[in-house]
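Data first, discussion second: the structure below is written as C-alpha cells.
Every read-out reported here was derived from the displayed coordinates using simple, explicitly stated rules and does not represent laboratory data. Since the structure is predicted, the reported quantities are computational estimates derived from the model, not experimental observations. So basically every Cβ, Gly included, is an ideal-geometry build from the backbone, and we count neighbours across all protein chains shown.
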Amino acid sequence: MKYDLDYYERTLYLNSTTAEKISNIRWQFVKSVKAKTVVDFGAGVPWFRVFRPPNVEVDTYDVGIAPQTGIRRSEYDLITFWDVLEHLTDMNLANFVLQHSKWAAVTVPVLPDGVFLHKWKHYKPGEHVTIFTEASIDEFFIKRGFKLVKKGTPECPPRSDIGSFLFKRQ
C-alpha cells in the first residue's frame, strides 16, 4: 500500500459528510469565477481539494504536516483562504500568492458592530491573531489590488459571525 497524497485524499473522501457539505457550499459560493486552477492556502486537511468539481485542479498549501501539493504554479485563477487569515502572523506568503491570482475567496470571523471584543466568542488571543470587521477585510484586499464582488454567510448557521467574501483583482 502506498501512503501518498492520493491515499490520504481517498481516505478523507470516504470519511466526512460534514466536510463534503461545507466544501460544496464553498464551491457554490465561488462558482461564478469558473476557476480551473485553485490554490487552497492554509488547507490543513485538504477537504476543498477532495470535494472539488471535475476538471478543476486544486493545489494545497499549509504550514502543517498534512500531505499537500504545495504551490506549484506561477498563476492561479483563484486562491482560497478558508478560515485561515485570522491565524496568520506573517502575511508575506499570502501576499506573494495573491500577486499571482485573479480571484480570492475568504471565510473569516467578522466582529459584529456593537459587540465588545473581549466578550466575542471568536476572540481567541494567540489563535486568532488578526481580528476582522467587514470594513477591515475589505481594506485588507483593497490594499492588495482587489475589489469586493460578493459577500455573505452561506455557511451560517451554525457558524455565526463567520463571513464569506469573494474578491477580484482590479
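Listed values, structure above:
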item: Selection within segment 25-55 - in a strand (DSSP E or B) and touching a helix residue (DSSP H, G or I) at 6+ places or on another chain (Cβ under 7 Å); result: Val39, Asp40, Phe41
item: Enumerated strands (runs of 3 or more DSSP E) restricted to segment 56-170, each holding at least 2 residues that are of a type in the set (A, V, I, L, M) and closer than 22 Å to Val30 by Cα; result: 76-82, 101-109, 146-152, 162-169
item: Pick from segment 64-107, criterion charged (D, E, K, R) and out of contact with any Phe, Trp or Tyr (no Cβ under 9 Å at 6 or more places or on another chain), ranking: surrounded by the most Cβ atoms within 10 Å (Cβ to Cβ); result: Asp83
item: Selection within segment 78-129 - within 20 Å of Glu57 (Cβ to Cβ) and of a type in the set (Lys, Arg); result: Lys102
item: Unmet requirement for Pro154, which otherwise passes all of (1) of a type outside the set (Lys, Arg); (2) more than 21 Å from Asn95 (Cβ to Cβ); (3) in contact with a Pro (Cβ under 8 Å, 6 or more places away or on another chain); result: (3)
item: Number of positions in segment 116-135 that are touching a residue at least 24 places away in the same chain (Cβ under 8 Å), out of contact with any Gly (no Cβ under 9 Å at 6 or more places or on another chain) and either surrounded by 10 or more Cβ atoms within 10 Å (Cβ to Cβ) or among the basic types (Lys, Arg) (or both); result: 7
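Matching residues to (1) closer than 28 Å to Gly145 by Cβ; (2) of a type outside the set (Val, Ile, Thr); (3) in contact (Cβ under 8 Å) with a residue 60 or more places away in the chain:
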site	(1), (2), (3)
Trp47	no, yes, no
Glu75	yes, yes, no
Glu86	yes, yes, no
Thr89	yes, no, no
